[in-house]
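Here is the structure we will look at, set down as structure tokens.
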Amino acid sequence: MGIATPGRYVASVERIDLDALWRAGKRAILLDRDNTLVPRDARCAPESVAAWLDRAREMGFELCIVSNNWHRNEVARSARELSVDAIAFACKPLPFALSSGMRRLGVDPKRAVMIGDQLYTDVIAGNLAGVDTILVRPQATVDLWYTHIFRIFERRALRHVPCEE
């Protein structure tokens, strides 16, 4: 498996089976914010995402947003609304913010999973940090100009990777 290869590719966060993660020994979920939890063109996460996070919390998962978004107030607002811890301006694909998140949550990499919508930031950061990775499709087509460029390369890299609907 390459550094830019996700462990799984899933249509959306809500499609990820929390029971299966728990059975696999995962106890912490690190999550990207923009286009993973909150559509890039919205201020709040959809109700279905909030409900999935509520269920994860009820099951005993520790949760932390690890976002490259440098608008710390936006990340903090989402974290409050979703009742999760958060790290903004994470500088992914560097793995340091993920390691910091795991320390905050009190878990080692074997017990954590990183979920995000970008192959070249979220997946690489997760793989460098030694955690399992789950790539999800972006929630919206709205993105930063440079992310659109990365998406071109992502589509090529993922053309033979099946997406779990």
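The values are calculated or read from the model by the stated rules, or taken from the named source; none is laboratory data. Just so it is clear, the structure is predicted and the values come from calculations on it, not from any experiment. Virtual Cβ from ideal backbone geometry, glycine too; neighbours counted across all protein chains shown. Calculation scope for accessible area: heavy atoms of the full protein, side chains included, ligands and nucleic acids excluded. Shrake-Rupley method; radii C 1.70, N 1.55, O 1.52, S 1.80 Å.
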Notebook entry, point to check: Among the residues of segment 85-138, which ones are in contact with a strand residue (DSSP E or B) (Cβ under 6 Å, 6 or more places away or on another chain) and part of a strand (DSSP E or B)?
Noted result: 85, 86, 87, 112, 113, 114, 115, 132, 133, 134, 135, 136
Notebook entry, point to check: Which of the residues belonging to segment 6-19 are farther than 24 Å from residue 106 by Cβ and open to solvent by 50 Å² or more (accessible area, probe 1.4 Å)?
Noted result: 8, 14, 15
Margin query: Please count how many residues of segment 99-134 are touching a residue at least 40 places away in the same chain (Cβ under 8 Å), more than 23 Å from residue 163 (Cβ to Cβ) and open to solvent by less than 50 Å² (accessible area, probe 1.4 Å).
Written below: 4
Margin query: Looking only at residues that are basic (Lys, Arg) and exposed (fewer than 14 other Cβ atoms within 10 Å of the Cβ) in segment 20-67, which one is farthest from the chain's Cα centre (by Cα)?
Written below: 23
Next item on the list: Could you check, for segment 118-127, whether at least one of its residues is modelled with pLDDT under 95 and hydrophobic (A, V, I, L, M, F, W, C)?
Entry: yes
